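Since every read-out is calculated from the coordinates, none of them should be taken as a lab result. The model shown is predicted, which means the values in this text are computed figures rather than measured ones. Neighbour counts run over all protein chains shown; Cβ positions are idealised from the backbone, glycine included.
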Amino acid sequence: MDDRNMQLSRAVLSIWNDIDPEIEGEYEAWYQRDHLRDRVHTPGFRTCRRYIRVAGDGRQYFTFSDLDSIDVCTSEAYRSRLANATEWTRRIMPHFRRLIRVAADVTLERGDGIAGFAATAVFEGGGDLAREAARAAIAAAAVPIMEDARVTRLRIFENNAAANGVPNPEAALRPDAPRTCELAIVLEGSDEVAVAQHLATLQELTERQALTSAMPPSVYRLLYSSSL
């Protein structure tokens with residue numbers, strides 16, 4: 001494994017989505033055998049991970065990539081990938097539903113490693129001051145949360161406007177209008193119940209209330225992780 005993957009990531013590319021049920025089997029094969037391999041071989045991508053929802057009412061799938069920097073999302077190599085989708089990608093993309101996609105800066109990081117479950121809460125709106133207040137409150141609340149050995153990592157992903165403004169030809173292949181978010185809380189751990197409970201605690205923070213939910217909080221189980 002590349003030494004980069006042992007370092008903390010300061011940027012991510014994340015999506016949450018549903019998929020047409022009739023194509024789920026091929027969707028799984030495409031992601032593992034085509035799309036993730038394509039992405040992880042793009043310069044600047046460190047790891048790509050896929051999850052499936054096991055609790056909550058959010059999107060069925062959560063996928064994200066750790067990046068060397070947010071500049072990867074505006075790089076010539078990545079833009080070339082977007083403009084030259086594989087034939088398999090062109091066949092699968094029209095079956096995506098309710099996709100939320102965000103190229104994001106990691107503005108809070110506690111812990112490290114990869115665990116079997118990830119709980120996510122996704123927000124839109126609120127403005128800079130609201131996000132700053134929520135970030136500070138979450139950072140304070142993270143201290144006791146990270147004392148729980150079942151929790152391995154807590155991160156905040158925040159929308160990077162420049163990176164999300166890059167033209168994305170793949171989006172034109174999908175039936176729904178492109179949608180992003182402003183902030184996401186991602187809490188990883190070894191126990192489904194533990195990450196759900198701690199995410200609920202963060203949801204109840206007074207400062208968090210100024211943010212508008214873009215998707216119901218959900219817990220996901222790791223399906224697959226790929227890296228160079």
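In region 3-227, Cα pairs under 8 Å separated by at least six residues give a relative contact order of 32 percent.
In the chain, the calculated helix contribution to ellipticity at 222 nm averages -7500 deg cm²/dmol per residue, counting -39,500 (n - 2.57) for every DSSP H run with n ≥ 4.
Listed peptides 180-186, 201-207 appear in the order 180-186, 201-207 once ranked by packing, highest mean of other Cβ atoms within 10 Å at the front. Angle of helix 192-203 to the longest C-alpha principal axis of the chain, folded into 0 to 90 degrees and rounded to 10: 70°. Each residue in Trp88, Trp30 was given a count of other beta-carbon atoms within 10 angstrom of its own, and listing them fewest first yields Trp88, Trp30. Taking the longest Cα principal axis of the chain as reference, the axis of helix 127-145 is set at about 70 degrees. Cα extents for the chain along the principal axes, largest to smallest and rounded to whole angstrom: 47, 37, 33. With only Cα atoms counted, region 71-136 has Rg and Dmax values of 16.6, 45 Å.
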